[in-house]
Amino acid sequence: MSTVVHYLNQFFAGLGAEEAADHRPVHLDGPQGPGRGLAGAGLTVDATLACGDDFFGEHEADALATLLGWIEELDADVLVCGPSFGSGRYGYACGVLAREAGRRGIPVVAAMTSDSPGVLAAEGAAYIVPTGSNVAGMRDALPVVASIATKLAAGETVGGPDEEGYLPRGLRVNALVDRTGAERAIDLLLAKLAGDVATEVAPSGDRVSPPPPVDDLASVRLALVTEAGCVPQGNPDRLPTRHANVWLRYDVAGAETLAAGDYESVHAGFDTAAANADPNRLVPLDAVRALQHEGRIGVVHDGFYTTSGVDTPVATAARHGQEIAAELREAQVGAVILTGT
């Protein structure tokens, strides 16, 4: 027999509405609220855990410790969170609990809108069934949740997002297919040319609008930035080769080129032999100096900025970009050449 645990907020667990949003976590026997609907869809809920939305948000660590402790005591085979629909606080709580339970090896199914903060909070640890923004979508969501949870509880393989009805998790796995990569790429290209835009890897992350083009490069201060791990020979400041948590600035005032033997790449994600033979391949100082002498670039900034962009968390990379941009803006830099690997 498998053990199914269901997480709800105070409202759906029947503890009260907004006046009960500060309710501490509680452990209830059997199904409550939507859990009865899951039973009707073929999934029997053995225990229900609930917490007030405000309590979870204001005491996240304590709430998680209590809820995860109960989940482990119950020896849950699968955890179901929600549906939280379009609720921000409830969705976030579902996503965080799903993530932490998933990290402990517990299969999780959740349900919420695709733009819920819980989707990002879950970090791919849960199978998330998309819903409408309110409880009107309950009837459609519960059978899908029940189907996926039943397979997970039984240790069965869950199919792909399109087949099973959950949001792409952003996970990449190896699979045997009957066509080569070249054949699939050509099929995708032909479909795109025909107006059917699709990808085998769903994009994720923030969308950043490109800035307008520079009106007059001949009057602009231009800076060089790289994530290729270019540093002075010997890496004197110990830039990490991967998982970089820092960025560095090196002075090139008056220099015409980055000479071989004076600079190297410590990046752990590519073969650095060609780059070390000519560091200008990483930081094109020689090329921009030539353009400066021709009057096609106003001024080359006195320093170049570097980090190693391999296995760097998105949040850390975003912080690096913000910090470097702030310094460049203060120096009145109007354009940047950003080189990668």
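The values are calculated or read from the model by the stated rules, or taken from the named source; none is laboratory data. Just so you know, these numbers come straight off a predicted model, no measurement behind them. Quick reminder, even Gly has a Cβ in these numbers, built from the backbone with ideal geometry, and neighbours come from all protein chains shown.
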Task: Candidate set: segment 215-252, residues that are basic (Lys, Arg) and closer than 15 Å to Ala268 by Cα; chosen: the one modelled with the highest pLDDT - done: Arg238
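Each row is one residue, and each column tells you yes or no for (1) in the same structural domain as Phe12 (by TED's automatic domain parsing); (2) in contact with a helix residue (DSSP H, G or I) (Cβ under 8 Å, 6 or more places away or on another chain); (3) farther than 25 Å from Ala39 by Cβ.
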| site | (1), (2), (3) |
| --- | --- |
| Asp115 | yes, no, yes |
| Leu120 | yes, yes, yes |
| Ala136 | yes, no, no |
| Leu152 | yes, no, no |
| Arg172 | no, no, yes |
| Ala182 | no, no, yes |
| Gly195 | no, no, yes |
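Among the candidates Asp62, Asp54, single out the residue that is without any contact (Cβ under 8 Å) to a residue 12 or more places away in the chain and either farther than 22 Å from Gly124 by Cα or not assigned by TED's automatic domain parsing to the domain that holds Ala110 (or both). Reasoning before the result, please.
Numbers: Asp54 fails: without any contact (Cβ under 8 Å) to a residue 12 or more places away in the chain.
Testing whether each residue is without any contact (Cβ under 8 Å) to a residue 12 or more places away in the chain and either farther than 22 Å from Gly124 by Cα or not assigned by TED's automatic domain parsing to the domain that holds Ala110 (or both) leaves just Asp62.
What about Val299, is it crowded, with 18+ Cβ neighbours inside 10 Å and in the same structural domain as Asn245 (by TED's automatic domain parsing)? Outline the logic, then answer.
Numbers: crowded, with 18+ Cβ neighbours inside 10 Å: no; in the same structural domain as Asn245 (by TED's automatic domain parsing): yes.
Answer is no for this residue.
Let's see how each residue does on (1) within 28 Å of Ala274 (Cβ to Cβ); (2) at pLDDT 95 or above; (3) buried (at least 16 other Cβ atoms within 10 Å of the Cβ); (4) among the hydrophobic types (A, V, I, L, M, F, W, C):
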position	(1), (2), (3), (4)
Val288	yes, yes, yes, yes
Glu294	yes, yes, no, no
Val310	yes, no, yes, yes
Ala315	no, no, no, yes
Ile324	yes, yes, yes, yes
Gly340	yes, no, no, no
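Answer yes if at least one residue in segment 179-193 is loosely packed, with under 12 Cβ neighbours inside 10 Å, among the small types (Gly, Ala, Ser) and part of a loop (DSSP other than H, G, I, E, B), and no otherwise.
Initial filter on segment 179-193 (loosely packed, with under 12 Cβ neighbours inside 10 Å): 179-183, 189-190, 193.
If we keep only those that are among the small types (Gly, Ala, Ser) too, we end up with 181-182.
Retained after the next criterion (residues that are part of a loop (DSSP other than H, G, I, E, B)): none.
Among the residues of segment 179-193, not one is loosely packed, with under 12 Cβ neighbours inside 10 Å, among the small types (Gly, Ala, Ser) and part of a loop (DSSP other than H, G, I, E, B), which makes the answer no.
Scan Ala194, Ala175, Ala185, Ala149 and give me the residue that is over 30 Å from Asp251 (Cα atoms) and touching a residue at least 24 places away in the same chain (Cβ under 8 Å).
Details: Ala194 fails: touching a residue at least 24 places away in the same chain (Cβ under 8 Å); Ala175 fails: touching a residue at least 24 places away in the same chain (Cβ under 8 Å); Ala185 fails: touching a residue at least 24 places away in the same chain (Cβ under 8 Å).
The conditions single out Ala149.
Counting just the residues of segment 15-25 that are crowded, with 16+ Cβ neighbours inside 10 Å and part of a loop (DSSP other than H, G, I, E, B), which one comes out farthest from the chain's Cα centre (by Cα)?
Leu15
Among the residues of segment 224-239, which ones are outside any strand (DSSP E or B) and under 15 Å from Thr341 (Cβ atoms)? If you could, list the steps in order and put the result at the bottom.
First pass over segment 224-239, keeping only residues outside any strand (DSSP E or B): 227, 229, 233-239.
Result: Glu227, Gly229, Leu239.
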- [ ] Enumerate the pairs (first residue in segment 251-272 and of a type in the set (Asp, Glu); second residue anywhere and modelled with pLDDT of 95 or more and part of a loop (DSSP other than H, G, I, E, B)) with beta-carbon separation below 9 Å, excluding pairs fewer than 6 apart on the same chain, so at least 6 apart or on different chains.
- [x] Asp262/Gln233; Glu264/Gly229; Glu264/Gln233; Glu264/Gly234; Glu264/Asn235
Task: Residues of segment 241-290 satisfying the condition of being among the acidic types (Asp, Glu) and part of a loop (DSSP other than H, G, I, E, B) - done: Glu256, Asp262, Asp271, Asp278
Open item on the list: Among the numbered criteria (1) modelled with pLDDT under 95; (2) under 25 Å from His23 (Cβ atoms); (3) of a type outside the set (S, T, N, Q); (4) in a helix (DSSP H, G or I), which one does Gly86 miss?
Closed with: (4)
- [ ] Output the residues belonging to segment 136-159 that are closer than 13 Å to Ala126 by Cα and either out of contact with any Asp or Glu (no Cβ under 6 Å at 6 or more places or on another chain) or in a helix (DSSP H, G or I) (or both).
- [x] Val145, Ile148, Ala149, Leu152
TODO: Please work out which residue is surrounded by the fewest Cβ atoms within 10 Å (Cβ to Cβ), limiting yourself to segment 26-49 and to residues that are of a type in the set (Gly, Ala, Ser) and closer than 20 Å to Gly69 by Cα.
DONE: Gly30
